[in-house]
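The values are calculated or read from the model by the stated rules, or taken from the named source; none is laboratory data. Here the structure is a predicted model, which means the values were calculated and not measured. Glycine gets a Cβ as well: all are built from the backbone with ideal geometry, and neighbour counts include every protein chain shown. Surface areas here come from the heavy atoms of the whole protein model, side chains and all, with no ligands, DNA or RNA. Shrake-Rupley method; radii C 1.70, N 1.55, O 1.52, S 1.80 Å.
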Amino acid sequence: MGISSEMRDSWAKRRESLLIASAFEEDRIRKSRECTQEGVRAGTKAAAVACVASAIPTLVAVRTIPWAKANLNYTAQALIISAASIAAYFITADKTILECARRNTHYDKSA
C-alpha cells in the first residue's frame with residue numbers, strides 16, 4: 001500500500017538538482033533561515049507577555065465585575081487570552097522577519 005522503494009529513490013534523486021548553489025545563494029538561504037528563526041523567537045516572547053498581560057485582567061474581571069461573571073464562561077475567557085497571544089505572535093514575528101530582511105537586503109549603491 002505504501003510507496004515502493006524504487007519510486008521513493010527516484011523522487012529522492014529528483015530533489016537533488018544538477019545545479020550547485022553559489023556561495024551568494026547559500027548565504028541568502030542561511031540569512032533567510034536566521035530571519036525566520038529570529039522572528040519565531042521574538043513572536044514567542046511577545047505571545048508569552050501578551051498571554052500574561054491579557055490573562056490577569058480577564059480573570060480579575062470575571063471574578064469582580066457582575067456582567068463578566070454572568071456572561072464570560074471558560075471558553076470566552078480562553079478565547080480572549082488566546083486571541084491576544086496569537087495576534088501578538090504573528091504581528092511581532094512578521095515585523096521581525098521584515099526588519100531582518102530589510103537589514104539583509106543589498107541595494108546597488110552606485111545607481
Extreme residue, nearest to D94 (Cα to Cα), among residues of the range 29-44 that are surrounded by fewer than 14 Cβ atoms within 10 Å (Cβ to Cβ) and among the basic types (K, R): R41
Could you tell me whether any residue of the range 46-62 is under 22 Å from A101 (Cα atoms) and either open to solvent by 90 Å² or more (accessible area, probe 1.4 Å) or not basic (K, R) (or both)? yes
State which residue pairs qualify: first residue touching a residue at least 24 places away in the same chain (Cβ under 8 Å) and under 27 Å from T44 (Cβ atoms) and inside the range 62-90, second residue of a type outside the set (F, W, Y) and surrounded by fewer than 16 Cβ atoms within 10 Å (Cβ to Cβ) in any location, beta carbons under 8 Å apart, and separation of 6 or more residues or different chains. A84/A53; S85/A48; A88/V49; Y89/T44
Over the range 63-90, the set of residues open to solvent by less than 90 Å² (accessible area, probe 1.4 Å), in a helix (DSSP H, G or I) and either within 22 Å of R102 (Cβ to Cβ) or hydrophobic (A, V, I, L, M, F, W, C) (or both) is A68, A70, A76, A78, I80, I81, A83, A84, A87, A88, Y89
Can you name every residue in the range 33-53 that is in contact (Cβ under 8 Å) with a residue 24 or more places away in the chain and of a type in the set (S, T, N, Q)? T36, T44
Which condition from (1) modelled with pLDDT of 95 or more; (2) surrounded by 10 or more Cβ atoms within 10 Å (Cβ to Cβ) is the one that D9 breaks? (1)
